[in-house]
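J.: Before I ask anything, let me first share the structure, which is written out below as structure tokens.
The values are calculated or read from the model by the stated rules, or taken from the named source; none is laboratory data. Source: prediction; values computed, not measured. Glycine gets a Cβ as well: all are built from the backbone with ideal geometry, and neighbour counts include every protein chain shown. These area figures cover heavy atoms from the full protein model, side chains too; ligands, DNA and RNA do not enter into them. Shrake-Rupley method; radii C 1.70, N 1.55, O 1.52, S 1.80 Å.
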Amino acid sequence: LFSPSLQAGDSVLPGSTVTGGGGGETPAEPSFAGNIMPTGSSLDTGLAIHNGEVWVWGFRGSGQQGNGVNVVDVKASPAKIQKFIDQGVKIYALASGAYHMIALDENGDVWGWGQSGYGETGCGRGYVSTPCKVLAGKRITQIGAGEYFSAAMSEDGKVYTWGHGIYGQRGDGLKTAYLANSNAQGAIH
């Protein structure tokens with residue numbers, strides 16, 4: 001999946017080099033526009049961005065694949081999330097908790113999907129098998145996720161959190177398992 005190549009659009013890892021025609025090595029730094037960027041994983045699910053498209057592989061038994069089904073065989077090939085492609089949404093960053101994912105698109109909007117027993121996707125509770133828009137128009141610049149909660153920071157420094165908070169991980173002062181306003185519309189500073 002990540003092999004150095006001289007072909008346009010092929011995948012390379014950051015810091016990789018390729019051997020040129022004269023025998024010398026040239027840095028083959030990936031760009032957002034043409035190469036797969038490994039972005040981490042949840043407990044058992046791998047994630048990557050390629051040309052703004054999200055690829056998912058590994059464990060996909062709680063809606064993680066994002067294509068409208070809750071369970072995909074772990075032996076199935078990596079697959080793209082079709083909703084982002086169909087809507088022309090380019091993803092810039094990904095974050096994941098135990099079994100949920102959140103994505104930041106090029107417009108600064110946040111999307112969530114996967115297991116959401118505590119509202120950690122920002123899309124209500126249960127299994128969210130298709131990404132839903134969680135934060136729109138907030139100009140989000142950074143996202144993060146913990147085991148069962150998620151967070152985002154906007155361009156103006158506001159922090160939005162949602163999901164599990166019994167240990168205070170949401171930072172809103174409410175030590176509750178589930179934030180009733182799980183659509184992440186509140187902000188903390």
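J.: Take the residues in segment 55-74 that are in a loop (DSSP other than H, G, I, E, B) and of a type in the set (Val, Ile, Thr), then tell me which one is nearest to Tyr92 (Cα to Cα). Break it down stepwise before answering.
T.: Going through segment 55-74, the residues in a loop (DSSP other than H, G, I, E, B) turn out to be 59, 61-71, 73-74.
When the remaining residues are screened for being of a type in the set (Val, Ile, Thr), the result is 69, 71, 74.
On the way: Val69: 24, Val71: 26, Val74: 26 Å.
Among them, the one singled out is Val69.
J.: If I ask for residues that are outside any loop (DSSP other than H, G, I, E, B), open to solvent by 30 Å² or more (accessible area, probe 1.4 Å) and touching a strand residue (DSSP E or B) at 6+ places or on another chain (Cβ under 8 Å), which ones from segment 80-98 would you list? Reasoning before the result, please.
T.: In the first step, residues of segment 80-98 are kept if they are outside any loop (DSSP other than H, G, I, E, B); the result is 80, 82-86, 91-96.
Narrowing further to those that are open to solvent by 30 Å² or more (accessible area, probe 1.4 Å): 80, 82-83, 85-86, 92.
Passing the criteria: Lys80, Lys83, Ile85, Tyr92.
J.: Same structure again: Being farther than 19 Å from Ala48 by Cβ, open to solvent by less than 30 Å² (accessible area, probe 1.4 Å) and of a type outside the set (Gly, Ala, Ser) is the filter here; which residues of segment 99-111 pass it? First the steps, then the outcome.
T.: From segment 99-111, those farther than 19 Å from Ala48 by Cβ are 107-109; that's our starting set.
Subsequent filtering for residues that are open to solvent by less than 30 Å² (accessible area, probe 1.4 Å) retains 108-109.
Asp109, the sole residue that qualifies.
J.: Turning to a different aspect of this structure: Is it the case that Leu104 is modelled with pLDDT of 95 or more and aliphatic (A, V, I, L, M)?
T.: Values: modelled with pLDDT of 95 or more: yes; aliphatic (A, V, I, L, M): yes.
Yes, satisfied.
J.: Can I ask one more? Condition first: over 15 Å from Val54 (Cβ atoms), loosely packed, with under 14 Cβ neighbours inside 10 Å and touching an Asp or Glu at 6+ places or on another chain (Cβ under 6 Å). Can you find one or more residues in segment 157-180 that meet it?
T.: Checking segment 157-180: not a single residue is over 15 Å from Val54 (Cβ atoms), loosely packed, with under 14 Cβ neighbours inside 10 Å and touching an Asp or Glu at 6+ places or on another chain (Cβ under 6 Å).
J.: Another question, if that's okay. I'd like the residue in segment 112-133 that is open to solvent by less than 10 Å² (accessible area, probe 1.4 Å) and not polar (S, T, N, Q) and, out of all such residues, is farthest from Tyr178 (Cα to Cα). Spell out the reasoning first.
T.: Here is the first cut: in segment 112-133, the ones open to solvent by less than 10 Å² (accessible area, probe 1.4 Å) are 112-114, 116, 119-122, 131.
Subsequent filtering for residues that are not polar (S, T, N, Q) retains 112-114, 119-120, 122, 131.
Values: Gly112: 16, Trp113: 16, Gly114: 16, Gly119: 6, Glu120: 9, Gly122: 11, Pro131: 20 Å.
Looking at residues that are open to solvent by less than 10 Å² (accessible area, probe 1.4 Å) and not polar (S, T, N, Q), I get Pro131.
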